Amino acid sequence: MTERSTTLMGEEPAPKSIEDIDAMKAAIVEQLTACGVSFPIRSKDQLNQIYPKGTPIKCMYNGKETSIHDLIPKIDNSRFPIKSAGDAAEALLSLCQVKR
């Protein structure tokens with residue numbers, strides 16, 4: 001699944017507030033549902049197929065703006081299997097930090 005950006009310039013900016021992260025979670029749930037992604041997602045490899053390199057959603061991680069795709073290897077293995085779109089959004093954004 002390739003994400004569509006909601007900005008005119010292409011890529012999503014890193015979130016600036018908790019509300020931005022919550023909005024990103026809602027967007028991920030909506031996108032996964034609309035694309036008919038099957039659950040459970042059993043591995044990081046399977047999640048990488050859903051969010052390939054170049055996915056435009058970004059967040060802050062260790063002080064740097066980082067693509068959601070680049071965070072997948074850092075997701076804790078205990079989060080798998082991911083059983084729902086909400087769980088997927090939580091796992092994907094669990095490492096995101098609010099931009100300062």
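Couplings 3J(HN,Hα) of the range 69-83, computed from phi: 4, 6, 7, 3, x, 8, 5, 4, 4, 5, 6, 9, x, 8, 9 Hz, in residue order, whole Hz [Karplus 6.51 cos²θ - 1.76 cosθ + 1.60, θ = phi - 60°; x for Gly and Pro].
Diffusion coefficient (Stokes-Einstein, Kirkwood radius over C-alpha pairs, 10 °C, 1.306 mPa s) for the range 18-93: 127 µm²/s, rounded to a whole number. Amide H contacts of THR66 (H built 1.01 Å from N, in plane; Pro and chain starts excluded): CYS59, MET60, TYR61 sit under 5 Å, all sequence-distant by 5 or more or on other chains. In this structure, GLN46 and ILE18 have a Cβ-Cβ separation that, at R0 = 22 Å, corresponds to a calculated FRET efficiency of about 0.15.
Give, as a single signed number, the net charge of other residues whose beta carbon lies under 12 Å from the beta carbon of ILE82, with Lys and Arg counted +1 and Asp and Glu -1. Present the calculation step by step, with values, prior to reporting the outcome.
Working: positive: ARG42, LYS44, ARG79, LYS83; negative: ASP76, ASP87, GLU90.
Residues near ILE82 contribute +1 overall.
A short reminder: the numbers here are calculations on the coordinates, not readings from a lab. Because the structure is predicted, anything quoted here is derived from the model rather than measured. Note that each Cβ is placed from the backbone with ideal geometry, even for glycine, and that neighbours are counted across all protein chains shown.
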